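The values are calculated or read from the model by the stated rules, or taken from the named source; none is laboratory data. Being a predicted model, the structure only gives us computed values, none of them experimental. Ideal geometry is used to build each Cβ from the backbone, glycine not excepted, and the neighbour counts take in all protein chains shown.
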Amino acid sequence: MDFNALTREMGTEETPQLVKHLLALGMEDRRLRFGHVLSDDGIRKYVAEIDMSRDVVFVVTDAELDIIGAAHLARRADHAELGISVHSDRKGRGIGTALLERCTARVRNWGVRVLFMNCLVENATMMHLARKQGLKIAVSGTDAEAFVRLPRGDLSSLAAETVAEHLGLFDYALKSSWLALQGRHPALAMSPKPRPDTGASG
């Protein structure tokens, strides 16, 4: 586990921070993330339409508690669809890998068997990450579809996600305390609440 890329589940109260993260993406990174250059209003609309009662967003934050990496995992009836974004100056530090691994564990614990990701063929970073994590890739023109069939969740996947979430929350608490000691209160008045329910189903 990379302790420089600790993940945690984002709470609904943190959606403004997610908007800020996505707005900070450059035009090229927006195109690679969404398949086209999404406008600022388009990003706000995208975040507003995330169904947090069904989907989940995992994040990695920096020392200032700004989101530097995020994964939106959309739950469907027979599969889960994944989208990952990482700030350009933080790429190559294991953030994308940590987010993908966290999402894989959640999909298994949901009882969903297929994880799906759509990206542009030229998105070399995501293509490499998908192959590294065992996703099969089908290419059609400029688009690539990556997918993997996963085993059902078990004690190991439940334990992996529980440990990852607790480490992420501990990381958040340490950063919050450090900012408070410096007289710079965190953006959020309260720490994210622990979410022990991983959504496991039969």
Looking at region 66-118 only, could you name the residues that are among the hydroxyl-bearing types (Ser, Thr, Tyr) and farther than 13 Å from MET10 by Cβ? SER88, THR97, THR104
In this structure, does ARG102 turn out to be within 19 Å of ALA160 (Cα to Cα), of a type in the set (Lys, Arg) and in contact with a strand residue (DSSP E or B) (Cβ under 6 Å, 6 or more places away or on another chain)? yes
Assuming ARG90 fulfils every condition listed in (1) touching a Gly at 6+ places or on another chain (Cβ under 7 Å); (2) at pLDDT 95 or above apart from one, which condition is it? (2)
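Quick grid of which residues meet (1) at pLDDT below 85; (2) of a type in the set (Val, Ile, Thr); (3) farther than 21 Å from GLY92 by Cα:
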| site | (1), (2), (3) |
| --- | --- |
| ALA124 | yes, no, no |
| LEU129 | yes, no, no |
| SER140 | yes, no, yes |
| VAL163 | no, yes, yes |
| LEU174 | no, no, yes |
| LEU181 | yes, no, yes |
| HIS185 | yes, no, yes |
Within region 144-153, track down each residue that is within 20 Å of ASP78 (Cβ to Cβ) and surrounded by 14 or more Cβ atoms within 10 Å (Cβ to Cβ). GLU145, ALA146, PHE147, VAL148, LEU150, ARG152, GLY153
Matching strands (runs of 3 or more DSSP E) fully within region 24-143 where at least 2 residues are surrounded by 19 or more Cβ atoms within 10 Å (Cβ to Cβ): 56-61, 67-75, 80-86, 114-120
So which residues in region 12-23 are touching a residue at least 40 places away in the same chain (Cβ under 8 Å) and crowded, with 16+ Cβ neighbours inside 10 Å, if there are any at all? GLU14, GLN17, LEU18, HIS21, LEU22
